[in-house]
Amino acid sequence: MSAQSRIAACLLSVALGPAALAQTTGATTTESIAQRTFTKSGVVESVAGNKVVLREADGLNEYNLPDGFKFDLNGQQVGVDQIRPGMSVNALVTDKVITRQVTLTKIESGTVAQVAPGGIVLKDQNGNLRSYNFKDAAGNDIYFVRDGKEVPLRNVKQGERLSGTFVSTLPAQQVSSRTAVAKATEPAPPAPEPVAVAAATPHRLPKTASPLPLVGLLAALSAGIALSLRAARR
């Protein structure tokens with residue numbers, strides 16, 4: 001294959017493929033962690049397998065809990081199967097997002113054999129051709145470090161001699177995780193029913209009692225009145 005054909009093939013790879021930075025001399029990974037903590041509280045409405053429906057301030061919400069999830073119930077760790085409707089649940093939830101950024105570096109030197117709209121073709125001292133896009137897979141400009149300065153590839157010109165470290169940043173990777181510490185509380189016992197107070201009823205005489213003494217008393221009183229009247233006439 002002629003030099004012109006090889007350059008054309010490299011230019012085609014620039015147009016159709018990612019930057020040729022697979023063989024790298026170094027990779028640097030940086031991580032950033034974003035964390036958010038919030039609480040969830042409500043009353044258990046229903047439990048079906050690992051699905052728990054809570055009645056919260058904003059209404060009913062369903063949560064699909066992971067296998068092995070535990071609740072703190074009276075100081076003991078219990079599974080979802082121990083949770084019953086009516087229990088109160090309070091959970092401290094933590095969301096964590098880890099973002100990893102990988103930067104690839106490659107020490108390279110050669111002469112710019114061709115400049116295309118999307119990248120360049122670099123020819124090394126052995127005559128090997130390698131293509132580089134102006135941008136990496138993340139859309140960032142690829143640049144090389146020369147004399148302590150960062151020079152974007154899009155600023156180089158054909159015939160220019162390049163020697164330095166090529167730097168490319170891979171797309172950021174994010175890993176999300178969620179943890180929760182939940183506590184369940186038994187529902188409060190029902191309030192005791194009010195005690196009915198019986199209405200006061202008049203005392204009745206026992207069945208063995210008789211009204212005869214009262215009749216006798218009335219008869220004696222009448223006789224006394226009669227004798228008094230008779231004595232008064234005399």
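Values computed for the structure shown
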quantity	calculated
Selection status of ASN50, at pLDDT below 95, more than 19 Å from ASP124 (Cα to Cα) and surrounded by 15 or more Cβ atoms within 10 Å (Cβ to Cβ)	yes
Complete set of residues in segment 45-81 that are part of a strand (DSSP E or B), within 12 Å of ALA184 (Cβ to Cβ) and of a type in the set (Val, Ile, Thr)	VAL47, VAL52, VAL78
Hits in segment 136-146 (condition: without any contact (Cβ under 8 Å) to a residue 60 or more places away in the chain and more than 17 Å from THR111 (Cα to Cα))	ALA138, GLY139, ASN140, ASP141
Filter pass, ALA3 being closer than 30 Å to LYS106 by Cα, at pLDDT below 95 and touching an Asp or Glu at 6+ places or on another chain (Cβ under 8 Å)	no
The listed residue being touching a strand residue (DSSP E or B) at 6+ places or on another chain (Cβ under 8 Å), exposed (fewer than 14 other Cβ atoms within 10 Å of the Cβ) and part of a strand (DSSP E or B), out of THR165, THR103, THR94	THR94
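The values are calculated or read from the model by the stated rules, or taken from the named source; none is laboratory data. Small disclaimer: the values here were computed from a predicted structure and weren't measured. Ideal geometry is used to build each Cβ from the backbone, glycine not excepted, and the neighbour counts take in all protein chains shown.
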